Amino acid sequence: MLTVNFAQKQDVLLIRLKGELDHHSAKQLREKTDHYLQEKDVKHIVLNLEELTFMDSSGIGVILGRYKEVQRAGGEMVVCSISTPIKRLFEMSGLFKILRLEHRESDALRQLGVA
Amino acid sequence: MTNEMKLEFSAVSENEAFARVSVGAFVAQMDPTMDELTEIKTVVSEAVTNAIIHGYEENPNGKITILAKLEEESIELTIVDTGRGIEDIEQAKEPLFTTKPELERSGMGFTIMENFMDEVEITSKVGAGTTVYLKKRLATKKSICY
Ligand SMILES: Nc1ncnc2c1ncn2[C@@H]1O[C@H](COP(=O)(O)OP(=O)(O)O)[C@@H](O)[C@H]1O
Ligand SMILES: [Mg+2]
């Protein structure tokens with residue numbers, strides 16, 4: 001089970017994930033996020049993983065896919081509140097070479113100038 | 001002593017969570033650390049997802065079998081599908097290699113299995129299916145008393 005919560009602050013889409021992100025739930029995250037990006041004027045994404053209890057490589061794929069979308073329009077993606085096991089997956093796949101990591105949501109938002 | 005279990009289920013994505021939670025519950029009796037349990041659940045999720053997406057290409061009639069074996073100090077998992085098989089196993093194991101980039105696959109499944117487990121053996125035959133054998137020694141297990 002994955003719950004996807006959206007909040008917008010100026011041109012930043014804040015996505016809070018709760019539950020488990022695998023191949024089954026990745027589809028829902030992809031569809032909802034892409035729909036939001038199409039409808040609303042968003043440049044950057046902040047991804048809050050504080051309440052994400054499980055993730056596998058399907059999560060890497062869907063996060064990378066959304067990163068590519070915002071990057072195409074000159075935006076950035078910042079990830080915050082990541083747990084140790086999920087951080088290891090990010091490190092293994094080299095995601096930190098392209099995404100910024102912040103401890104807290106407030107830091108991530110400040111990075112993008114909307115705190 | 002050795003303790004074994006076997007699960008068989010349909011190749012549908014709803015069962016990815018079922019498979020990792022079930023294996024996690026079985027393995028819990030060995031009192032693994034939280035990290036070890038997370039690693040085991042993650043590799044089960046990877047292997048089962050591969051069977052669903054690549055082995056059966058999302059055909060829900062496919063069946064996946066998981067055998068789990070608990071030894072004194074280690075856990076062995078075997079995940080079996082009778083799907084399309086892998087043509088080039090060495091290539092499949094390379095980090096970031098995927099045959100389904102259009103599905104946003106990251107190509108990290110086998111790399112994660114190799115990182116989280118002590119042994120990974122893949123056997124596969126095109127048109128016949130794939131078997132993934134995984135073994136993990138639990139760091140905390142010197143001896144178990146039942
Ligand atoms: N059970 C399987 N049946 C057939 N092909 C598989 C299976 N598991 C893996 N593969 C092949 O190996 C490749 C790499 O797998 P993996 O590392 O998990 O990456 P991904 O699932 O992201 O593609 C897959 O793209 C696929 O071609
Ligand atoms: Mg995979």
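Values as computed for the structure displayed
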item	result
Binned Cα-Cα distance frequencies in the stretch A:2-111 - 10 Å width, integer %	15, 54, 30, 1
Residue-normalised accessible area of the protein assembly as shown, given per residue in Å² at a 1.4 Å probe	48
Chain B, relative contact order in percent, only Cα pairs under 8 angstrom and at least six apart counted	26
Within-14-Å neighbourhood charge of B:Met113 [Cβ basis; K, R +1; D, E -1]	-3
Within-12-Å neighbourhood charge of A:Ser25 [Cβ basis; K, R +1; D, E -1]	-2
Greater than 26 Å apart at Cα, pairs in A:Lys40/A:Lys68; A:Lys68/B:Lys63; A:Lys43/B:Lys41	A:Lys68/B:Lys63; A:Lys43/B:Lys41
Chain A: antiparallel DSSP beta bridges as a percent of all, rounded to 5	35
Bins of 5 Å, starting at 0 and running to the largest distance - Cα pair percent for the stretch B:3-141	2, 10, 22, 24, 21, 13, 6, 2, 0
Cβ neighbours within 10 Å from other chains - mean over A:90-101	2
Rg(Cα)/(2.2 N^0.38 Å) for the protein assembly as shown, N = residue count	1.05
Area of A:Arg104 that stays accessible when all protein chains are in place (1.4 Å probe, Å², to 10)	140
B:Lys100 - accessible surface, heavy atoms, 1.4 Å probe, Å² rounded to 10	30
Listed residues A:Phe90, B:Phe18, B:Phe110 arranged by accessible area, highest first, probe 1.4 Å	B:Phe18, B:Phe110, A:Phe90
Along principal axes, Cα extents of the stretch B:32-106, largest first, whole Å	40, 28, 21
Within 10 Å of each Cβ in A:48-61, the average number of Cβ atoms from other chains	5
Those residues of the stretch B:16-35 for which accessible area with every protein chain present is at least 30 Å² below the isolated value (1.4 Å probe)	B:Glu16, B:Arg20
Shielding of B:88-99 by partner chains, average beta-carbon count, 10 Å	1
Within straight-line cross-link reach of A:Lys18, lysines at Cα separation under 17 Å, skipping those fewer than 8 residues along the same chain	A:Lys27, A:Lys32, A:Lys87
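The values are calculated or read from the model by the stated rules, or taken from the named source; none is laboratory data. Note that the coordinates shown come from a computational prediction; the quantities given were computed from them, not determined experimentally. Cβ coordinates were reconstructed from backbone atoms using ideal geometry, including for glycine residues, and neighbour counts include every protein chain displayed. Just the protein is used for accessible areas: all its heavy atoms, side chains included, with ligands, DNA and RNA removed. Shrake-Rupley method; radii C 1.70, N 1.55, O 1.52, S 1.80 Å.
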